[in-house]
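Here is the structure we will look at, set down as structure tokens.
The values are calculated or read from the model by the stated rules, or taken from the named source; none is laboratory data. The model shown is predicted, which means the values in this text are computed figures rather than measured ones. As a convention, Cβ positions derive from the backbone with ideal geometry for all residues, glycine included, and neighbour counts pool all protein chains shown. We work out accessible area using only protein heavy atoms, side chains counted, and drop any ligands, DNA or RNA first. Shrake-Rupley method; radii C 1.70, N 1.55, O 1.52, S 1.80 Å.
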Amino acid sequence: MPAGIVIGLVLHTSHRARFEEAARALTGVTFAWVVYEREEQIRERVAGLLSRGAPDGLLLGLVPYARCRDLLPPEVPVAVTRPAALELALAWSRARGNGWPATPVSIDTFARETVDEVAAALELDRQTIACLPFEPEQPIAEVVAFHREQLARTGAAYVISVRTAVAAALDGRVAVLHALATPGTIRADLHELALRIRHRRADGLRFAAGIFLVTAADPAGAGGGSHRARVGLVELLRRTPEFAEAWIDDRGPRGIVVFAHAALFEAATRLWVGLPVLAQARDRLGVRVVAGFGLGGSARLSVALAERAAERAGQDPAAGAYLISDTGMMIGPMGAAGAPLVYTYREHGDLEALAGQVGLSPGTLSRLAAIERSLAGRPVSPSELARSLGITDPSGRRLIRKLSESRLAVGDGSSQLHRKGRPARLYRLSITEALERAR
């Protein structure tokens, strides 16, 4: 694990022991603890953490994420931990251990698909189980009212809840079984987050290529696509602070190539969402410029990917840029104005709201949308998806389960590359379709 990693943990005070047990498994990581007693305290305390300097990553639950997601810097990797099927099965096991009937019961926060899956595995009557899935703007009063209504209707012996405030609101009149994420689940999320941070740092040190093409003269200007315009663009790029240490070369009609660490390109593009130098070229030189960025395992591959990305940018009517990586991921368009859009695929629907419902960070969901586009309808295995995201195979399998629970991934056959071993199940991503429905 890389040295110097700082991960912020946002959690309810009653969960600290679980998080501490999970955190002991990681070495070389410092934890910044943000602990709250009431949900109303979350925003203020997260803002306090960020004011002291953003950590390398953040791990938080569904409720904290919903409360403060607009505060989170887009450059900080975020992991949202949420209880899975295992936690729900354990809650039912505790109920039976207490001598209570498994049903009727009311359950909050869990996705309906998860409740259906566990109920079927335990052979429970789904009709006697009431479920209130998590919603980002869901007030605790609504959750409590749901449980009270079900208790009045069924006379259940207990409720299953993920919200810590439910037990206090019900005031001891009924037993509340907390289906909280286990230390094992938290530990897995921490390992995945630390791995993402490590990959992010490694990617930042990789060399990437950028291709800048003068494609047409702006009607309001006089620069045209001439040699003079390219010379002016080279000087403009050299005066861009992020490219101060970059290698810049004018290749004539083939464009201007820029070699730099990927982290410098991230800074210049505001994390791949906008490229202000394109607007500067239009305003100062009177030309339309498009750009492409390539991130590959070699200089030659990076240039080839950048050329493809620039060609794609040239197909758009406005000045813009695209990124293509050797994993098949494409991000774009990046606008010339450099407006802080934060997430590339916002135009396909309310990505942030969907990410909150699923329990993923908007950045992760944006990357998944990009991967889906690159697949062009082809199904993908959990291990292939893991490689594309730079996470472990177990994390890829957990991610596929989470996507399946939210109907953002659908089983689509299987594949067996080797004679021995079980076939790998394939899934077709359906994130773009969900985003279109959210419009």
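Evaluate the distance, in nm, between pseudo-label points positioned 7 Å from the Cα of Gln127 and of Ser383 along their respective Cα→Cβ axes.
Modelled inter-label distance: 4.4 nm.
Note the full-extension length gain between Ala141 and Glu436 as 0.36 nm times their separation in residues minus their Cα-Cα distance, in nm to one decimal.
Full extension of this stretch gives 103.1 nm more.
Could you work out which residue, out of Gly314, Gly232, Gly57, moves most in a Gaussian network model of the chain, that is, has the largest mean-square fluctuation with Cα springs under 10 Å?
Highest fluctuation among the options: Gly232.
For Ala263 and Leu375 in the same chain, what is the full-extension length gain: residue separation times 0.36 nm, less their Cα-Cα distance, in nm?
Working it through step by step, the gained length comes to 37.7 nm.
In deg cm²/dmol and to the nearest 500, what is the mean residue ellipticity at 222 nm of the chain if only DSSP H runs of at least 4 residues count, each as -39500 (n - 2.57), divided by the residue total? Walk me through the numbers on the way to the answer.
On the way: 17 runs with 182 residues, N = 439.
After summing the helix terms and dividing by residue count, I get -12500 deg cm²/dmol.
If I take R0 = 45 Å and measure r between the Cβ atoms of Val234 and Asp70 in this structure, what FRET efficiency does the formula 1/(1 + (r/R0)^6) give, to the nearest 0.05?
0.70
Between helix 85-97 and the chain, what is the angle of the helix's C-alpha long axis to the longest principal axis, kept within 0 to 90° and rounded to the nearest 10?
Tilt relative to the chain: about 10 degrees.
Assigning unit charges at the beta carbon (Lys, Arg +1; Asp, Glu -1) and nothing else, what dipole magnitude in debye, to the nearest 20, does the chain show about its Cα centre?
Taking the Cα centre of the chain as origin, the dipole is about 900 debye.
Which one of Gln150, Val289, Gly99 has its Cα pushed farthest toward the positive end of the charge dipole of the chain, where Lys and Arg give +1 and Asp and Glu give -1 at the Cβ?
Of the options given, the answer is Val289.
Per residue, how large is the accessible surface of the range 1-156? Use a 1.4 angstrom probe and give square angstrom. Could you put the intermediate results ahead of the total?
On the way: 7220 Å² over 156 residues.
Accessible area per residue, the range 1-156: 46 Å².
If you take the charge dipole of the chain about its Cα centre, with +1 on Lys and Arg Cβ and -1 on Asp and Glu Cβ, which of Leu122, Val159, Ala209 is farthest toward its positive end?
Ala209
Which longest uninterrupted range of the chain lacks any GluC sites (Glu not before Pro) assigned by DSSP to a loop state (not H, G, I, E or B) and surrounded by at most 16 other Cβ atoms within 10 Å?
Between the exposed loop sites, the longest stretch runs 246-439.
Give the residue from Ser383, Gly8, Ile186 lying farthest towards the positive end of the charge dipole for the chain; charges sit on Cβ (+1 for Lys and Arg, -1 for Asp and Glu) and the dipole is referred to the Cα centre.
The listed residue farthest towards the positive side: Ser383.
Quick one: grab the alpha carbon gyration tensor of the range 1-143, order the square roots of its eigenvalues as a ≥ b ≥ c, and give me rounded if a/c is under 1.5, else prolate or oblate depending on whether a/b is larger than b/c.
Here the range 1-143 falls in the prolate category.
What is the gain in length, in nm to one decimal, between Ser298 and Arg173 on full extension, counting 0.36 nm per residue of separation less the C-alpha to C-alpha distance?
38.5 nm
For the range 40-86, rounded, prolate or oblate, judged on the Cα gyration tensor with a ≥ b ≥ c (square roots of eigenvalues), a/c < 1.5 rounded, else prolate if a/b > b/c?
oblate
Using only the alpha carbons, work out the radius of gyration and Dmax of the range 120-169 in angstrom.
11.9, 33
Round to a whole number: what % of the accessible area of the chain belongs to carbon and sulfur, probe 1.4 Å?
That fraction is 52 percent.
When a/c is below 1.5 the answer is rounded, else prolate if a/b is larger than b/c, else oblate, so apply that to the range 17-59 with a ≥ b ≥ c taken from the square roots of the Cα gyration tensor eigenvalues.
It is oblate, given that a/c is not under 1.5 and a/b is not larger than b/c.
Long-range amide H contacts for Ser381: which residues qualify at under 5 Å (H placed 1.01 Å from N, peptide plane, sequence gap of 5 or more or a different chain)?
Tyr427
Starting from the Cα of Thr30, step 7 Å toward the Cβ, then list every residue of the range 37-57 with an amide N under 19 Å from that point.
46-57
Points 7 angstrom from Cα along the Cβ direction at Asp316 and Ala202: gap in nanometres?
My value for the distance between the label points is 3.0 nm.
Per residue Cα convex hull volume for the chain, in cubic angstrom?
Looking at the chain, the number lands at 165 Å³ per residue.
About the Cα centre, and with charges only on the beta carbon of Lys, Arg (+1) and Asp, Glu (-1), how big is the dipole of the range 238-344? Nearest 20 debye, please.
Details: 11 positive and 10 negative charges, 47 e Å.
That gives a dipole near 220 debye.
How are the Cα pair distances of the range 75-196 distributed, in percent, across 10 Å bins from 0?
Result, from short to long distances: 13, 43, 32, 10, 2 percent.
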